[in-house]
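Participant: Let me give you the structure first, and then I'll get to my questions.
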Amino acid sequence: MRDDPDAPPIVDAEWFASATLVMPEPKEQISIRLDRDVLEHFRRYPRYQTRINAILRAAMKHEKKAG
């Protein structure tokens, strides 16, 4: 398994000792109005709010690249 290039690296105590814990930035809670069909679409997925955030972030990055 160690020779398999597709296998994830084996982590040991030394790796954990040198690892740095990175906490995500806290999110801001807001109230937003969405069309019912849009909300129904996203609610079909687990963690739908995270998915909406990721899509908005991708749109933001695209807009910054184009601007």
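Participant: How much length is gained if the chain between ASP12 and HIS62 is pulled fully straight, taking 0.36 nm per residue apart and subtracting their Cα-Cα distance, in nm to one decimal?
Facilitator: Details: separation 50, 0.36 × 50 = 18.00 nm, distance 3.88 nm.
Stretched fully, the ASP12-HIS62 segment lengthens by 14.1 nm.
Participant: Sticking with this structure for a sec: Among (1) 22, 13, 10; (2) 36, 17, 16; (3) 48, 10, 5, only one was calculated for this model; which label is it, if the read-out is semi-axes √(5λ) of the Cα gyration tensor in Å?
Facilitator: The value computed from this structure is option (2).
Participant: Counting other Cβ atoms within 10 Å, which trypsin sites (Lys or Arg not before Pro) in the chain have at most 11 and lie in a DSSP loop? Mind showing how you got there, number by number?
Facilitator: Working: sites: ARG2, LYS27, ARG33, ARG36, ARG43, ARG44, ARG47, ARG51, ARG57, LYS61, LYS64, LYS65; in loops: ARG2, LYS27, ARG33, ARG44, ARG47.
Those satisfying the criteria are ARG2, LYS27, ARG33, ARG44, ARG47.
Participant: In the range 27-66, if the dipole is taken from +1 on Lys/Arg beta carbons and -1 on Asp/Glu beta carbons about the Cα centre, which of HIS41, HIS62, GLN29 is farthest to the positive end?
Facilitator: Farthest towards the positive pole: HIS62.
No lab work stands behind these numbers, since they all come straight from the coordinates. Treat the numbers as computed from the prediction; the structure is a model and nothing was measured. In this analysis, Cβ positions are derived from the backbone assuming ideal geometry, glycine residues included, and neighbour counts consider all displayed protein chains.
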